[in-house]
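Okay, structure first, notes after.
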Amino acid sequence: RVAPEVPSAARVGDEARLLSRTAPTWVCADRWAGASAACASATPPSVLLMDDGLQHPTLHRDLSLLVVDAEHLLGNGRVLPAGPLREPFHRSLARADAVVALSPPADAASRSLAEQPSECSLRRRLRLPPQMLL
């Protein structure tokens, strides 16, 4: 478990350190072991959010969300190391229950919406070039 007061991100990474300030956070190379440790903790979570959880088929899922950057979409559409994707997009999309497009607010109206998230803010349509859906 990541302690929020960890002075350096060298051991756990900066993202985990920041998240630990808001919610209990675990970092583990073995996703199954990390999820098991979280569930066996003194205060087991009612929800587990896994970063890159789509790539781990041994974990049970009630809901799979595919999160994309609304500004850059899928970058060049290529898989690592040639591009930003962990796997071909069509594979991730086939396992996802929903796609969530996130972007920084561009203007005052967007900021207002971002401050008060609602179902409407999650229903943005993601427009992808046809070659990304193959």
Approximate spin-label separation residue 102-residue 14, in nm, with each point projected 7 Å along Cα-to-Cβ = 1.5
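Note down the net charge around residue 27, summing +1 for each Lys or Arg and -1 for each Asp or Glu among other residues with Cβ under 10 Å from its Cβ. Please list the in-between numbers first.
Numbers: positive: 1, 11, 17; negative: 15, 51.
Net charge around residue 27: +1.
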Would you list 92, 46 from the most to the least accessible area, probe 1.4 Å?
-> 46, 92
Could you work out how far apart the two model spin labels at residue 80 and residue 55 are, taking each label as a point 7 Å from the Cα in the direction of the beta carbon, and quote it in nm?
-> 0.4
Label point distance in nm, residue 1-residue 62, each placed 7 Å from Cα along Cα→Cβ | 2.1
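Mind checking the full-extension length gain between residue 90 and residue 42? Use 0.36 nm per residue of separation minus the Cα-Cα distance, one decimal, nm. Mind showing how you got there, number by number?
Numbers: separation 48, 0.36 × 48 = 17.28 nm, distance 3.90 nm.
Result: 13.4 nm gained on full extension.
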Kindly write out, for the stretch 56-65 in residue order, the coupling ³J(HN,Hα) from the Karplus curve 6.51 cos²θ - 1.76 cosθ + 1.60 (θ = phi - 60°), rounded to whole Hz, with x marking Gly and Pro.
-> 10, x, 7, 8, 6, 10, 8, 8, 10, 10
Amide H neighbours of residue 100 at under 5 Å, excluding residues fewer than 5 places away on the same chain, with H built from the backbone geometry, are 66, 67, 68
For residue 2, what accessible area in Å² do you get when you roll a 1.4 Å probe over the heavy atoms of the protein chains, rounding to the nearest 10?
-> 10
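Of 32, 26, which has the most accessible area and how do the rest follow, probe 1.4 Å?
Details: 32 145, 26 70 Å².
Order by accessible area, largest first: 32, 26.
The values are calculated or read from the model by the stated rules, or taken from the named source; none is laboratory data. Small disclaimer: the values here were computed from a predicted structure and weren't measured. Please note: Cβ atoms are built from the backbone with ideal geometry, for glycine as well, and neighbour counts cover all protein chains shown. Protein only, heavy atoms only, side chains kept; ligands, DNA and RNA dropped before computing areas. Shrake-Rupley method; radii C 1.70, N 1.55, O 1.52, S 1.80 Å.
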